[in-house]
Amino acid sequence: MAANIIDGKAFAATVREKVAGHVARLKEEHGITPGLAVVLVGEDPASEVYVRSKGKQTVEAGMNSFEHKMDADTSEEDLLAVVEKLNNDPSVHGILVQLPLPGHLNEDLIINSIAPEKDVDGFHISNVGLLGTGQKSMVPCTPLGCLMMLRDYHGSLSGMDAVVIGRSNIVGKPMAQLLLGDSCTVTIAHSRTKDLPDVVRRADIVVAAVGRPEMVPGDWIKEGATVIDVGINRIERDGKNKLVGDVDFASAAERAGAITPVPGGVGPMTIACLLANTVTACCRANGLAEPEGLTA
Ligand code: GUN
């Protein structure tokens, strides 16, 4: 069976359109422009690319983009002061501190200094707790994007067996919470899982988020399963640089019912969901109805 390809690039474009529609209404009907502030410390080239892309897409959606670039040797005190200023700025509805931070800065301390209602990454300990207890929270962007694609493809996920491979705070754990919230039976697998092939073979939904190129071969995939590949791994093959996922796409696509490609699958959904979270945060801050279809 040849799998359906879940086109994350096209889906992300529809999310961005919805966001832009909500932004236009917020401006017209309420005179409010949502604002997203991104803080970048240091000069990590990959982070600079991400931050530029975030800024561009924020503006394209009609929102205000605020960028704060700080030197690599910025002190914790100075960074905390910037976050505090953004927390108190009513034109800023979402705050994102780009990770990783330089080694001398305590990431947990910085992330937990962001006002939870402006934490559009969903990394603040309050948001983690709210998500874990099924309460309204800000939801991490990548898992939110995966959930949107799964809901779009399946409608209801109720009763499905889901395996999340990877237990990171950014993807694996919140992904598992979201799937549980949609009434899946969820297994979180990781490097110490005893029989990973067997665990994956039982799953109707496989979310791979480990960061190891093509570690999931096609013969682990149950016939007809839906495969969401979060991995973005740069490898060299036949003398060329290539992006591959955590799943071996060619062999998995022969067995899966549906699969996300790399690139063009989950990747584009992350920034689209960041924009969605910013609109959600703006609506909540102003006591307005939340945009439908853009939250968990
Ligand atoms: N670095 C890479 N991805 C992300 C992300 O989604 N959020 C933050 N804050 N930093 C990142």
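The values are calculated or read from the model by the stated rules, or taken from the named source; none is laboratory data. Computed from a prediction, not measured in an experiment: that's the story for all the values here. Every residue, glycine as well, gets a Cβ built from its backbone with ideal geometry; the counts of neighbours run over all protein chains shown. Accessible surface is based on the protein model in full, side chains and every heavy atom, while ligands, DNA and RNA are left aside. Shrake-Rupley method; radii C 1.70, N 1.55, O 1.52, S 1.80 Å.
Over all other residues within a Cβ to Cβ distance under 15 Å of residue 189, the charged ones net out to +2, with Lys and Arg as +1 and Asp and Glu as -1.
Tell me the angle of helix 267-285 to the major Cα principal axis of the chain, expressed in degrees between 0 and 90 and rounded to the nearest ten. For 267-285 against the chain, the angle is about 40 degrees. Within the accessible area of region 178-265, the carbon and sulfur atoms contribute 47%, probe 1.4 Å, all protein chains present. From the square roots a ≥ b ≥ c of the eigenvalues of the alpha-carbon gyration tensor of region 1-103, which class results: rounded (a/c under 1.5), prolate (a/b over b/c), or oblate? It comes out oblate by the Cα gyration axes.
The charge dipole of the chain, taken about the Cα centre with unit charges on the Cβ atoms of Lys, Arg (+1) and Asp, Glu (-1), comes to about 580 debye, rounded to the nearest 20. Distance between the pseudo-spin-label points of residue 14 and residue 286 (7 Å out from Cα toward the beta carbon): 2.6 nm. The residues of the chain expose, per residue, 46 Å² of accessible area to a 1.4 Å probe. Extending 7 Å from Cα along the Cβ direction at residue 191 and again at residue 48 yields two label points whose distance is 3.1 nm.
By its C-alpha gyration tensor, with a ≥ b ≥ c as the square roots of the eigenvalues, how is region 1-52 shaped: rounded for a/c under 1.5, else prolate for a/b larger than b/c, else oblate? Don't skip to the end; give the middle numbers.
Working: a/c = 5.28, a/b = 1.10, b/c = 4.78.
Oblate, since a/c reaches 1.5 and b/c is not below a/b.
Among residues other than residue 262 with Cβ under 10 Å from its Cβ, the summed charge is -2 (Lys and Arg +1, Asp and Glu -1). Averaging 1/r over every pair of different alpha carbons in region 175-296 and inverting the result gives a Kirkwood radius of 16.1 Å. A run of the chain free of exposed loop cleavage sites, with trypsin sites (Lys or Arg not before Pro) counted only in DSSP states other than H, G, I, E and B and at most 14 other beta carbons within 10 Å, reaches its longest extent at 1-135. Using the Cβ-Cβ distance between residue 233 and residue 28 with R0 = 45 Å, the FRET efficiency computed as 1/(1 + (r/R0)^6) comes to roughly 0.55. Of interest is the spacing of the C-alpha centroids, which for region 38-93 and region 1-23 amounts to 26 Å.
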